[in-house]
Structure formats: structure tokens, C-alpha cells
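Before any comments, here is the structure.
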Amino acid sequence: MGGSLRVAVLGAPGVGKTAIIRQFLFGDYPERHRPTDGPRLYRPAVLLDGAVYDLSIRDGDGAGPGQSPEGQEEWPDSKDWSLQDTDAFVLVYDICSPDSFDYVKALRQRIAETRPAGAPEAPILVVGNKRDRQRLRFGPRRALAALVRRGWRCGYLECSAKYNWHVLRLFRELLRCALVRARPAHPALRLQGALHPARCSLM
């Protein structure tokens, strides 16, 4: 048994948080978007590099339609495990929506402000979803990736929940980084260093 890991998947409404999780867990994609009614918790078991891990995956941050990152209702409670005790974060934005990218930027800052003093540093992976709509993106991938990796000190990846592109890779890299977070290395470097092939599957 490998142990347990807590993962929070956060982001603005409509960016595809639930779609990414459902592709990872069930291999399906909802054709019609339905707003998530409050945070949801999934508890799958994952086989990674020959070890079994019990995951707790939190879907959503309680955001409601039309709320802005500057508000307070959309933020998880600072005492909630989604901010304080999480082993790894996935911050999702829509590559066609600059507002959703700003939302992720604010979320990242909120996470940094609410982590308890002395708590282990939790890796953060910023994910640009809806890569299948590449022609409508608001900014070049290389520039966004450089900003996130060098300026925000986070990992970066793009995926398409609709076509299940890079979804498994997303969770594989995040989990591998969470497992080695105690090593004295920059979290963004650890995430980028996890790109080599690894076995990861649901049980």
C-alpha cells in the first residue's frame, strides 16, 4: 500500500474541472455543461509505479456563476482541507478565457496566503483545458507556460477533457510530484521533471 493523497481541482465555473475528473475516473465526457452543485469528493484508488494510493479528489471551490475572483463566496473556507491539508493542487483555466486565467492567478495567491506556517509545500499544477479549441485561445502557450513556471513557480500543462488528451498525464505527473515534495527541489522543477513515462492506472 502506498498511502493516501489529497488533491484539490479548483478553478472558475465552466472551465472543465468536473469533465477532467470524470475523464480520469470514468472515461466519459458530458456533452452538456451542468454547473457543479457545490464541491464534490471522489475517492478512487490509483496504481502508480507499482504502489496503490487512496486518493481524495475534491472537485470545485464552491464558485457560483457570475462571481468574480475578488469576491468571497467562491473561495473555499480557509479552514477547509482543500486549502490547508491538500497534498497537491490542480488549478484549471480555459485557454479561451483570460478571465479564467486571472481567476487561477488569484487562487494561487489565496493558497499561498492560507497555508499554515510550517506546512509542507504542496505542488501546484496549472492546467489549460479545452486545447481542442486551440484556434480561439487568448494567448500563446509558450508565453503562458513560461509565466507560470518561472513567475508563479508552478507546473504547467494543457489538456482537452473533451478528447481525453493529456488527462491521465496530468494526474500522473501531479501525483509523482506530490510523492517527492519532501525533497529539496523547486516545485515547478519537480513537476517538469516528472514528465518521463510512469505507470498510472485506476483500480
Subset of the range 113-138 [surrounded by 13 or more Cβ atoms within 10 Å (Cβ to Cβ), part of a helix (DSSP H, G or I) and either in contact with a helix residue (DSSP H, G or I) (Cβ under 8 Å, 6 or more places away or on another chain) or hydrophobic (A, V, I, L, M, F, W, C) (or both)]
Thr114
Quick one: what pairs do we get from the range 46-60, first residue farther than 16 Å from Arg172 by Cβ, second assigned to a loop (DSSP other than H, G, I, E, B) and open to solvent by 10 Å² or more (accessible area, probe 1.4 Å), C-beta under 6 Å, 6+ apart or different chains?
Ser56/Arg43; Arg58/Pro39; Gly60/Thr36; Gly60/Pro39
Tell me which of these Val9 doesn't satisfy, since it passes every other one: (1) over 23 Å from Arg110 (Cβ atoms); (2) in contact (Cβ under 8 Å) with a residue 12 or more places away in the chain.
(1)
Looking at (1) touching a residue at least 60 places away in the same chain (Cβ under 8 Å); (2) over 20 Å from Arg22 (Cβ atoms), which one does Phe138 not meet, given that it meets all the others?
(1)
Of the residues Arg141, Arg153, Arg181, Arg176, which single one is at pLDDT 95 or above and either open to solvent by 30 Å² or more (accessible area, probe 1.4 Å) or of a type in the set (D, E, K, R) (or both)?
Arg141
Show me the strands (runs of 3 or more DSSP E) entirely contained within the range 1-97 in which 1 or more residues are modelled with pLDDT under 90, open to solvent by less than 30 Å² (accessible area, probe 1.4 Å) and hydrophobic (A, V, I, L, M, F, W, C).
45-48, 51-59
When only residues in the range 139-159 that are of a type in the set (Lys, Arg) and part of a helix (DSSP H, G or I) count, which is nearest to the chain's Cα centre (by Cα)?
Arg149
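The values are calculated or read from the model by the stated rules, or taken from the named source; none is laboratory data. In this text the structure is predicted, and so the values were computed from the model without any measurement. Backbone-built Cβ (ideal geometry, glycine too); neighbour counts: all protein chains shown. Protein only, heavy atoms only, side chains kept; ligands, DNA and RNA dropped before computing areas. Shrake-Rupley method; radii C 1.70, N 1.55, O 1.52, S 1.80 Å.
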